[in-house]
Amino acid sequence: MKSDQFSSRLGVVLAAAGGAVGLGNIWKFPYMLGQNGGGAFLLVYVLCVVLFGMPLMMMEFMIGKRSGKSVFGAFSALSGSHRWDWLPCLTFLSTVIITGFYCVVTGWCLEYLYFSVVGELQGLTVETVGQLFGSFIQTGWQPLVCSGIAVVLSVSILWAGVGPGIERLSKILMPMLLILLLILIVRVTMLEGAFRGVAFLFASDLSKITSQTILDALGQCFYSLSIAMGALITYGAYMPKNQNVASTTMQIVVLDTLVALLAGCAIFPAVFAFGFSPTEGPKLVFSVLPLVFGQMAGGQVMAIIFFALLSIAAITSAVSLIEMQTAFVLDASVAWRARRAKRNSEASPRTLTRQGAIVVASLATLSVSVVCACSMVDNIDWLRIGGITLFDWADRITSNYTLPLIALFMVIFFGWFVSKETIEAEMRLYHGLKPWFTTLFRFLLRWFIPVIIVLIFLNGIGLFSL
């Protein structure tokens, strides 16, 4: 781990932002906003990011940066005890499952990019657009191939290392993503009736804010910022020691939220201009937008641009998740070999190389992707539980159970078992930070955020509703 470092502050920001900016921003945020009243949801979401998302992101960065370890060794290094070793293992298993079904969805993005290039999305109707997606995911082999391509693309970036691979590609892909978004926004705002979509996005009707709106905004903030997946801890370990976590977190959060807003500005004007509903839910991107592009002048080019930026966002997130697994496997290998050598009173045997750890991580991800993709094929019933595909189960288990629980125990660990002096030492790197900020930060982590996470968890499993 010590030899793996980002070379610049900009590299940290773009790499971490690339990990955070993903399908949650461009795919999930727009349809969540559409289902929750537009600007009202946006207002609540921004407040949740400030009070909930930023402290949690800072916490994970600090855990990685202060320990200099991946998720595997970070908790024991900071606490001086192995009592917390179960938490890194739970985080690793949860992230393997997340990455597996995430790469399936990334494969969908790549396939729709291909459909856009060959003109497959042109001339679709309401009936045929659903048939296109359904026939694609149910063939079995096509989603498998696309998922495999997503894993290979991610691994090819990781293979070069942290600086030459992740950092260098992030400096290319993140600006490219923003440029493509801006091009798309300029085009859709020229459509007749487009500004009704802009008004929907930014006009806040406070009467539409309900308890469910708040919980949905909290959940979206949770997943949009890649909290409790271990990637932020891993990237924190790669930070230069003189880099300030507070300012870095603010920059990443601003960039992440900006991309989500720009995605809304690109999607809702087009949806309103052609008379579609903004409340279509998860199928907004894969069913409604192809219809919009099919009816728009120059729609094929716009479709290529949109699904290209969606694929870029998905790949950068997949890279951060597989890198988390790689670092975990690497550090676990080193620790296991050292304990074995100590127990047998012999020289430390050879440890796993980074490339070997990447292979292990990618195979674990690919295995989950195969199971998730095959579970959506109609005639493979044994990959369904209670009529629900293992793809949906993977999403449900991680979203409703493992991620909230991991975040809760991380907050308990950092708020109550990491010394105040450690936190203050990190905060002092930012000379413009007021003393009260540290006090507020610790209060949020010790008291406010744990309660919020418990509410999210209980709501996710259906035991609580305001």
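Looking at the chain, which longest stretch skips every one of the trypsin sites (Lys or Arg not before Pro) that is in a DSSP loop with at most 16 other Cβ atoms within 10 Å, leaving the sites themselves out? All intermediate terms of the calculation are to be shown ahead of the outcome.
On the way: sites that count: 2, 83, 241, 350, 428.
Result for the longest clean stretch: 84-240.
Between 0 and 90 degrees, the angle of helix 449-460 with respect to the longest Cα principal axis of the chain falls at about 50 degrees.
Given contacts defined as C-alpha pairs under 8 Å and at least six residues apart, what's the relative contact order of the range 313-466, whole-number percent? All intermediate terms of the calculation are to be shown ahead of the outcome.
Details: 93 pairs, mean separation 26.1, N = 154.
Relative CO of the range 313-466 lands at 17 percent.
Give, in nm to one decimal, the length gained when the segment between residue 159 and residue 388 is fully stretched (0.36 nm per residue of separation minus the Cα-Cα distance). Walk me through the numbers before you get to the answer.
Numbers: separation 229, 0.36 × 229 = 82.44 nm, distance 3.58 nm.
Separation in residues times 0.36 nm, less the Cα-Cα distance, equals 78.9 nm.
Here the accessible area of the chain is 66 percent carbon and sulfur, with a 1.4 angstrom probe and all protein chains present.
The distance between label points at residue 210 and residue 447 comes to 3.2 nm (points 7 Å beyond Cα on the Cα→Cβ vector). The Cα center of the range 223-253 and the Cα center of the range 327-390 differ in position by 24 Å.
Computed from Cα atoms, the angle from the helix 126-138 axis to the main principal axis of the chain rounds to 40 degrees.
Across q = 0.11, 0.13, 0.14, 0.18 Å⁻¹, the range 307-466 modelled as identical point scatterers on its alpha-carbon atoms has Debye log10 I(q)/I(0) values of -0.80, -1.04, -1.13, -1.20, in the order of the q list. Modelled spin labels at residue 195 and residue 145, positioned 7 Å past Cα toward Cβ, are 4.7 nm from each other.
Please work out whether the range 163-220 counts as rounded, prolate or oblate from its C-alpha gyration tensor, where a ≥ b ≥ c are the square roots of the eigenvalues and a/c under 1.5 means rounded, while otherwise a/b larger than b/c means prolate and anything else oblate? It is oblate, given that a/c is not under 1.5 and a/b is not larger than b/c. Here the Karplus relation 6.51 cos²θ - 1.76 cosθ + 1.60, evaluated at θ = phi - 60°, turns the backbone of the range 396-412 into coupling constants of 5, 5, 6, 5, 8, 10, 5, 5, x, 5, 4, 4, 4, 6, 5, 5, 4 Hz, with x for every Gly and Pro. Cysteines of the chain lacking any other cysteine Cβ under 4.7 Å from their own Cβ: 89, 103, 109, 146, 265, 372, 374. Our estimate of slack between residue 401 and residue 50, defined as 0.36 nm per intervening residue step minus the Cα-Cα distance, is 124.0 nm. Does anyone have the angle between helix 245-273 and the longest principal axis of the chain? Alpha-carbon axes, 0 to 90°, nearest 10? So the inclination is approximately 10 degrees.
Let me check against my output: what whole-number percent is the relative contact order of the chain, with C-alpha pairs under 8 Å and at least 6 apart? Spell out each step's value before the answer.
On the way: 709 pairs, mean separation 151.8, N = 466.
Reported as a whole number, the value is 33 percent.
Working from label points 7 Å from Cα in the Cα-to-Cβ sense, the residue 440 to residue 128 distance is 5.5 nm.
Return the FRET efficiency for the residue pair residue 10, residue 89: r is the Cβ-Cβ distance, R0 is 41 Å, and the value is rounded to the nearest 0.05. Don't jump to the answer; show the numbers that get you there.
Details: r = 33 Å, r/R0 = 0.82.
The formula returns an efficiency of 0.75 here.
The average projected area of the chain, computed from the convex hull of its Cα atoms over all directions, is 22.7 nm².
The values are calculated or read from the model by the stated rules, or taken from the named source; none is laboratory data. For clarity, every value in this text was computed on a predicted model and none was experimentally measured. Here Cβ is always computed from backbone atoms with ideal geometry, including for glycine, and neighbour counts include all displayed protein chains. What goes into the accessible areas is simple: the full protein's heavy atoms, side chains included, and nothing from ligands, DNA or RNA. Shrake-Rupley method; radii C 1.70, N 1.55, O 1.52, S 1.80 Å.
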